[in-house]
């Protein structure tokens, strides 16, 4: 959960997730939609799908016992070199270095290692340094300590050097500019995208459709369409919802919202839609990918943050 997600966001989902799926067997038996619902709001949903696939592989191939070695862990769905090393080290005491962005940053500064953040060359240097520091007993404590240090003190910007327990050993601080390490990669320029979303309500329920492509695959969302301008997005949305038996109301947007996904900045216009023909008939076909939700159900359904933002801006109060 903590990969590419903040501690504050993870804290809200971690214990409810463990309560819902208390062991590998429970996770392996779960439906994908239930796992996505428990993960909802954390983003990067491929992680949740891979976690479920890994649980199923552990039950199928390892009699329900999580493998203890990096080599075995690396074969599980969603496990790369870092995840395999981290689990082996933190959970099973394997004497193997594990490095993610926080560890990269701490050790880059501690030893003034040259290289760009996220590069393979820097990661190899960091792992070599981490390996040389591993204690004989409880080696996972080193990885945990470095991660915490990077998360709380040795931050990307304005690190709290006076509070750092190893500041006297830090080569980057002696050079006078810890933030130079590691060298930052240039971020791609943000791309502004217009998004039009349709809200149709019936008997206290709202209509959502299941996404079957891209990074939101399998999640529920309001019917929507993108465009280079708000007008183009609205025209595309009007065409898209015809198959659901819907038409957009001839009126201005009922709400607006904004959402960021990596370097994409979504400027969202929300429109009221109504039934041009009975929606129940359109929904009656198996596999049509739409479903009615009560607004309160969105809190526990497999919906992304984008859907919740549209609901907050476009649904009638109550």
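Summary table
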{"read-out": "Stokes-Einstein D for the stretch 16-102, Kirkwood Rh over Cα pairs, 20 °C, 1.002 mPa s (µm²/s)", "value": "159"}
{"read-out": "Highest-MSF residue in the chain out of 263, 102, 50 [GNM, Cα springs under 10 Å]", "value": "263"}
{"read-out": "Relative contact order %, the chain, counting alpha carbon pairs below 8 Å whose residues are six or more apart", "value": "16"}
{"read-out": "The stretch 1-78 versus the stretch 109-135: alpha-carbon centroid distance in Å", "value": "28"}
{"read-out": "In range of the label at residue 175: residues from the stretch 94-113 whose backbone nitrogen is under 19 Å from the point 7 Å along Cα→Cβ", "value": "101-113"}
{"read-out": "Gaussian network model of the chain, Cα within-10 Å springs - most flexible of 80, 118, 296", "value": "296"}
{"read-out": "Largest to smallest principal axis extent of the C-alpha atoms in the chain, angstrom", "value": "70, 50, 32"}
{"read-out": "Antiparallel %, DSSP beta bridges [both residues in the chain], to 5", "value": "70"}
{"read-out": "37 °C / 0.692 mPa s Stokes-Einstein diffusion coefficient of the stretch 191-314, Kirkwood radius on C-alpha pairs, µm²/s", "value": "226"}
{"read-out": "Helix 101-110 vs. the chain, principal-axis angle (Cα, 0 to 90°, nearest 10)", "value": "30"}
{"read-out": "Value of relative contact order over the stretch 191-314, rounded to a whole percent, pairs C-alpha under 8 Å and six or more apart", "value": "34"}
{"read-out": "Antiparallel %, DSSP beta bridges [both residues in the stretch 191-314], to 5", "value": "70"}
{"read-out": "With Cα atoms, 0 to 90° folded angle of helix 230-240 axis to the chain main axis", "value": "70"}
{"read-out": "Estimated FRET transfer efficiency when R0 is 25 angstrom, pair residue 239-residue 202 (beta carbons, to 0.05)", "value": "0.70"}
{"read-out": "Estimated FRET transfer efficiency when R0 is 30 angstrom, pair residue 191-residue 119 (beta carbons, to 0.05)", "value": "0.80"}
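Throughout, read-outs are computed from the coordinates displayed, never taken from laboratory work. Just so you know, these numbers come straight off a predicted model, no measurement behind them. Using ideal geometry, Cβ is built from the backbone for each residue, glycine included, and neighbour counts are taken over all protein chains shown.
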